[in-house]
Amino acid sequence: MSQSKKWLGVSPVTAQSIQGDANTAIAAAGTAISTATDLTNTINIITSGADGTGVQLDTGVVGDSQFVYNATSTSKKVYPSSTTAAINQIAVGGAQTLAPYTSCWYFVASSTQHVANLSA
């Protein structure tokens, strides 16, 4: 059952706000944090972009999360929300490589730390 059906008595807009939103057609761009495509949705599916291009996580508050799936046949880079933030043990501002056809949940642990849970 979809999450939105579980929110009985709640408007569709409120249910979507609670559940999160999706962008299922993202084009990765750039090869640096400053030129990467900004991710603004909860669920993000990369469907195009040259090998090594990237996306950047959104600035959030502790507990926020974003899901990223690389639906392409080439590797993509996922950058933290800022040049002063890190993903797991990667250096601040550095990118995590997301292999083809893999996904990762990114959680905001603090203003300078994202924690990534990578799929197999």
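The values are calculated or read from the model by the stated rules, or taken from the named source; none is laboratory data. Note that this is a predicted model, so its numbers are computed, not measured. For neighbour counting, all protein chains shown are included, and Cβ atoms are generated from backbone atoms with ideal geometry for every residue, glycine included. Just so you know, the surface numbers come from the protein's heavy atoms only, side chains and all, with ligands and any DNA or RNA stripped out. Shrake-Rupley method; radii C 1.70, N 1.55, O 1.52, S 1.80 Å.
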For this session: Which order do the peptides 71-84, 107-120 take when ranked by the mean count of other beta-carbon atoms within 10 Å per residue, highest first?
Result: 71-84, 107-120
Seminar exercise, completed: GNM on the chain, Cα springs under 10 Å; top mean-square fluctuation among Gly54, Gly20, Gly93 goes to Gly20
For this session: Divide by every residue of the chain the summed helix terms, -39500 (n - 2.57) for each DSSP H run of at least 4, and state the resulting mean residue ellipticity at 222 nm, rounded to the nearest 500 deg cm²/dmol.
Result: -2500 deg cm²/dmol
For this session: May I ask you to give the solvent-accessible area per residue for region 12-120, in square angstrom, as obtained with a 1.4 angstrom probe?
Result: 49 Å²
